[in-house]
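The values are calculated or read from the model by the stated rules, or taken from the named source; none is laboratory data. As the structure is a prediction and not an experimental result, all values here were calculated from the model. We place every Cβ from the backbone using ideal geometry, glycine too, and count neighbours over all the protein chains shown. Note: areas computed on protein heavy atoms with side chains; ligands, DNA, RNA excluded. Shrake-Rupley method; radii C 1.70, N 1.55, O 1.52, S 1.80 Å.
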Amino acid sequence: LCSFLGLLYQEYRDKSTREEIETRRLQDSQTDPEETSPSEETPSEAEPTSTIENKAPPQISLLRNSNSRFNLWQDLPEVQSSGVLSILQPDEIKLQEAMFELVTSEASYYKSLNLLVSHFMENERLKKILHQSEAHILFSNVLDVMAVSERFLLDLEQRVEENIVISDVCDIVYQHTVNHFSVYITYVSNQTYQERAYKQLLQDKPAFREVISQLELDPKCKGLSFSSFLILPFQRITRLKLLVQNILKKVEEKSDRESTALDAHKELETVVKACNEGVRKMSRTEQMISIQKKLEFKIKSVPIISHSRWLLKQGELQQMNGPKTSRTLRTKKLFREIYLFLFNDLLVICRQIPGDKYQVFDSAPRGLLRVEELEDQGQSLANVFILRLLENADDREASYMLKASSQSEMKRWMISLAPNRRTKFVSFTSRLVDCPQIQCVHPYVAQQPDELSLELADVLNILDKTDDGWIFGERLHDQERGWFPSSMGEEILNPKIRAQNLKECFRVHKSDDSQRRKLGSRNRQ
């Protein structure tokens, strides 16, 4: 079963996303693409399908063929020889490919999980080096995850072998997501501790480092690192949601298959959100405790640690002294350094003091902050903005004139401090005018809380951009927002392709429009 694909999941996923990027590049370069929107359902499709079913086709042996590699559904010998390709509508063939990819990628994923367990986790030398508690943190509940993947793959395999033309896979996805996929939340929530334990073991145990290096060199691993195997479950659950979205874009509108795909997508989205929250909760709690220890209050103390509070942004800005009408900006002495901690519901303004401590001299609820950009004020006032606290620590209004180190840093602070300000381009969630879009061609890992991690082939609306190479974007598939370097992507220039991306996105999220709006407002917080 696990040997049916020649590719490990990491290779499969990379190949698949790069093909997606190239397809979009090709579409974008066409001045008048043939397909500018998801095709409507084809009434003539039902009759040929039922005719094929009556032929009782032979079972597809693909999933037991060890030579099989990254095949398309239409390239299968059974499909080629059956004659179905001349009967089915082009849209149905595309749908078959989308469903088939979900199955083959799960098989590839299971193969990689199996290698993680058999090659690494069950290695006798590694077992002797690791204490039981270390092994538990490192591998978590990966055996449960693998068992769930195997059961899921068996059901998918059975469905594919029932008929050359796959009837549906989203009903199986739905059942397994509801009944079994909670194991992913457990695994992913442990990620912070897993990464830390791995780094610590590499540092503290030379024998561990040596064994891992030797195991990674085994040809079975195809040059892939141990850590690339550890992050497989999180990558898979996210990718699975996108594969269902891909099916959803291709099924007939108002059909049973659309309804099933919407249900499966909704359940997967719930699991992915719970995974994200699990990771964030672990790291946020530790971060809040660390910040609390560094703060000394010059004003009335504010309790920092709260279950519903997390850090959005922190950093140094220059505060301008004197009235904002002052025109005597000849020396840098007019500015003095201040340090801001911005949480999702609170702003704390400090000055850094010796011993890596911060003295708090003002604060305000985040909802009572307003920002205003100063324009055309000359070089000395470049990247300067005004921050108004409608009600500060003394229950009065206060204004701060702040200078950032760059245009991007200024914009990032302004958007974080006052998230409901209008951005340069209109967000797609408002369903308004054509918005610039970008496709991710290089993966990016967020370095700051206001940044967005990107995966290859992600498509985002550009909400704002800076002259020094940063973009504030909103990802279409989950409406997550954040900053990232513009060098990570390529703009989608064809307006018809942008319109198609939006149309597909609305279709995916139409099942719960109100939830989408709520999600959008929460991400702006």
- Query: List, please: which pairs have Cβ atoms under 9 Å, are six or more places apart or on different chains, and start with a residue in region 193-204 that is within 15 Å of Leu126 (Cα to Cα) and in the same structural domain as Met282 (by the TED database) and end with one that is open to solvent by 50 Å² or more (accessible area, probe 1.4 Å) and of a type in the set (Lys, Arg)?
  - Reply: Leu201/Arg209; Leu202/Arg209
- Note on the structure: Only one of Ser167, Ser133 is assigned by the TED database to the domain that holds Gln194, closer than 30 Å to Leu201 by Cβ and surrounded by fewer than 16 Cβ atoms within 10 Å (Cβ to Cβ), namely Ser133
- Among the numbered criteria (1) outside any helix (DSSP H, G or I); (2) open to solvent by 50 Å² or more (accessible area, probe 1.4 Å); (3) at pLDDT 90 or above, which single criterion is violated by Ser301? (3)
- Quick check: anything in region 238-245 buried (at least 17 other Cβ atoms within 10 Å of the Cβ) and within 21 Å of Gln447 (Cβ to Cβ)? yes
- Message: Pairs please, first residue from region 455-470 and within 9 Å of Pro436 (Cα to Cα), second anywhere and open to solvent by 30 Å² or more (accessible area, probe 1.4 Å) and among the aromatic types (Phe, Trp, Tyr), Cβ atoms under 6 Å, 6+ apart in sequence or on different chains.
- Response: Ile462/Phe425; Leu463/Phe425
- Give the residue, chosen from Arg351, Arg330, Arg366, that is of a type in the set (Lys, Arg), open to solvent by 30 Å² or more (accessible area, probe 1.4 Å) and either assigned by the TED database to the domain that holds Trp483 or at pLDDT 90 or above (or both). Arg351
- Message: Based on this model, can you work out whether Ser167 counts as under 21 Å from the mean Cα position of the chain (by Cα) and among the hydroxyl-bearing types (Ser, Thr, Tyr)?
- Response: no
- List the number of the failed condition for Ser149; all other conditions in (1) under 26 Å from the mean Cα position of the chain (by Cα); (2) surrounded by fewer than 21 Cβ atoms within 10 Å (Cβ to Cβ); (3) not β-branched (Val, Ile, Thr) hold. (2)
- May I ask you to verify whether Phe152 is part of a helix (DSSP H, G or I), farther than 19 Å from Arg239 by Cα and in the same structural domain as Leu240 (by the TED database)? no
- Task: May I ask you to list the residues in region 466-499 that are under 18 Å from the mean Cα position of the chain (by Cα) and among the aliphatic types (A, V, I, L, M)?
- Result: Ile471, Leu476, Met488
- Query: If you take the residues in region 307-327 that are closer than 24 Å to Ala446 by Cα and in a loop (DSSP other than H, G, I, E, B), which one is modelled with the lowest pLDDT?
  - Reply: His307
- Task: Please identify the pairs in which a residue from region 347-367 that is polar (S, T, N, Q) has its Cβ atom under 6 Å from the Cβ atom of a residue that is open to solvent by 50 Å² or more (accessible area, probe 1.4 Å), counting only partners at least 6 apart or on another chain.
- Result: Gln359/Glu296; Gln359/Lys298; Gln359/Arg351
- Test each condition in (1) open to solvent by 60 Å² or more (accessible area, probe 1.4 Å); (2) at pLDDT below 95 for Ser255 and report the one that comes out false. (1)
- Message: Being free of Cβ contacts under 8 Å to residues at least 12 places away in the same chain, part of a helix (DSSP H, G or I) and more than 30 Å from Ser363 (Cβ to Cβ) is true for just one of Lys273, Lys220, Lys266, Lys241. Which residue is that?
- Response: Lys273
- Task: Give the residues of region 470-525 that are at pLDDT below 85, part of a loop (DSSP other than H, G, I, E, B) and open to solvent by 20 Å² or more (accessible area, probe 1.4 Å), sorted by residue number.
- Result: Arg524, Gln525
- Query: How about region 114-172: which of its residues are of a type in the set (Val, Ile, Thr) and free of Cβ contacts under 8 Å to residues at least 60 places away in the same chain?
  - Reply: Val117, Val148, Ile172
